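For reference, the structure discussed in these notes is given below.
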Amino acid sequence: MSPDDRPPSVAAAVETLGLRKTYSGVRGRTIAVDRLDLLVPARGVHVLLGPAKAGKSTVLRLLLGLARADGGAARLLGVAVPDVGRELAGRVGAVVGEPGFLDRLTGRRNLLMHPAATSAEQVDLALRRTGLADAALDAVGTYPPGDRRRLAFAAALLAGPDLLIADDPTRGLDSTGARQVRTLVRKIADRGIGVLLTTDDLVEAQQLADTVTVLAGGRVVGDGPATDVIGDLATTVRLRVDDGDRAVAELRAAKFRADRDGDAILVDGVEEPADVTRALARKKLYVTEMSTRRESLDSLVRRLAPEPEPAEQPSPRRQRRAAFEAKVAEKQAAYDARAAAREKAAAAKEAARQDRAETALLGRRRAAETAGGSGVTPTRDGRTKNGTTEESA
Ligand SMILES: Nc1ncnc2c1ncn2[C@@H]1O[C@H](COP(=O)(O)OP(=O)(O)OP(=O)(O)O)[C@@H](O)[C@H]1O
């Protein structure tokens, strides 16, 4: 059943089924989105997470009608995608690409000129909600990149959308700008607006996502509640302590997931590494060496969609031997085919010779019958029709 056949689902902000997009270029065809089934809840932040070229932007472009799908179907807020522009005007806001703000005008003036602006009050509310009230009267050209991005959010919020779609909203921002935008995204979702955003930053996804779809090579490799699919911001801590066995026992007693790893100790799912060292110090156990590790997006994708084990490559010597054996087998097969043909020709020749001999024999018998009038008809194998051989008859 395609989304077009289903009754609109009030629980979903976005639904796609088998969505597909292929680009053709000089280097051939690229399947950017491959049979995508996506479900974005009506509330909360849904993150479309994936490495570069996973197809994230293409998905958003398809949903917003900026590109046409080759197959499948999609609905936004229950409306099929080709009709979204007409039927959902204002209910879907988008922060995609660089908005065309005029640098010499103030942020407020830029918003007042926006097609969705209906009043100064509405513009001022959008500026306040995006934390830009103080910068409202500054020229946009003076805005740091984080403020410029928040102004794009303010523009997308003007019409009071139920769903906000943002393509990699922290890309290119410094840590302050990225933090401001993430805080804003969380606030928007907390006001009951569904948010769908893309990112290739696992930490950003862990900080923001309520639900997540992990995309790789245009395909979904994992989806569901963020804590199930991508985990939380936990870190694995590896450390050394003089008395390793006692340290593991003390850490377990303090509810840490600790295990021996050779002469080191691994502690999984740690929120704050200093908590581990403090727990040990309380027991007079002192860490001599410590390192921390967070899962990367690549390892997450590998964990969710493990690649098949590559077949073991034979050594060059074995490869040469296999090629030689294949050649010998090929020659043998050709030789066998020629021998079989020769045998077949010889058998045909022999059958013809026997036919000729039998014909001659029959001819002689007929001549003898005609002369003697025996009335017995010999068969090919020399038997008479009454079942006795000619000799016994
Ligand atoms: N207009 C286009 N013409 C041809 N190929 C395209 C076009 N847009 C995207 N692609 C290709 O489609 C694939 C998916 O690209 P897309 O931009 O959707 O991925 P992405 O996950 O958003 O990547 P990134 O994080 O790098 O922006 C890539 O292989 C890309 O090169």
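Here are some notes:
- The requirement of being in contact with a strand residue (DSSP E or B) (Cβ under 7 Å, 6 or more places away or on another chain) and without any contact (Cβ under 8 Å) to a residue 12 or more places away in the chain is fulfilled somewhere in the stretch 235-253, by at least one residue.
- Of the residues making up the stretch 163-201, those that are buried (at least 22 other Cβ atoms within 10 Å of the Cβ) and within 16 Å of the ligand (Cβ to nearest atom) are I165, A166, P169, T170, L196, L197, T198, T199.
- Within the option set L251, L239, L215, being open to solvent by less than 10 Å² (accessible area, probe 1.4 Å) and under 21 Å from E15 (Cβ atoms) holds for one residue only, L215.
- Pair list, Cβ under 7 Å, 6 or more apart: the stretch 50-69 residue within 16 Å of A305 (Cβ to Cβ) and near the ligand (Cβ under 8 Å from one of its atoms), other residue open to solvent by 10 Å² or more (accessible area, probe 1.4 Å) and not in a loop (DSSP other than H, G, I, E, B): G50/K56; G50/A216; P51/A216; P51/L297; P51/D298; P51/V301; A54/A216; G55/A32
- The strands (runs of 3 or more DSSP E) found wholly in the stretch 1-79 and carrying at least 1 residues that are at pLDDT below 95 and open to solvent by less than 70 Å² (accessible area, probe 1.4 Å) occupy 12-25, 28-41, 71-76.
- In the stretch 181-203, the residues that are more than 12 Å from D168 (Cα to Cα) reach residues that are among the charged types (D, E, K, R) and surrounded by fewer than 24 Cβ atoms within 10 Å (Cβ to Cβ) with C-beta atoms within less than 6 angstrom, at least six apart or across chains, in these pairs: G194/R43.
- The single condition among (1) more than 16 Å from the ligand (Cβ to nearest atom); (2) assigned to a strand (DSSP E or B); (3) open to solvent by 70 Å² or more (accessible area, probe 1.4 Å) that P115 does not satisfy is (2).
- Within the stretch 108-142, the residues that satisfy the criterion of being farther than 12 Å from L158 by Cα and without any contact (Cβ under 8 Å) to a residue 24 or more places away in the chain are R109, A133, D134, T142.
- Subset of the stretch 203-227 [within 16 Å of the ligand (Cβ to nearest atom) and part of a strand (DSSP E or B)]: V212, T213, V214, L215, A216, R219, V220, V221, G222, D223
- Scoring N110 on the criteria (1) of a type in the set (S, T, N, Q); (2) within 16 Å of the ligand (Cβ to nearest atom); (3) open to solvent by less than 40 Å² (accessible area, probe 1.4 Å) leaves a single failure, condition (2).
The values are calculated or read from the model by the stated rules, or taken from the named source; none is laboratory data. Because the structure is a prediction, the values reported are computed rather than measured. Reconstructed Cβ throughout: ideal geometry from the backbone, glycine too, with neighbour counts over all protein chains shown. Remember, those area values only see protein heavy atoms, side chains included, never the ligands or the DNA or RNA. Shrake-Rupley method; radii C 1.70, N 1.55, O 1.52, S 1.80 Å.
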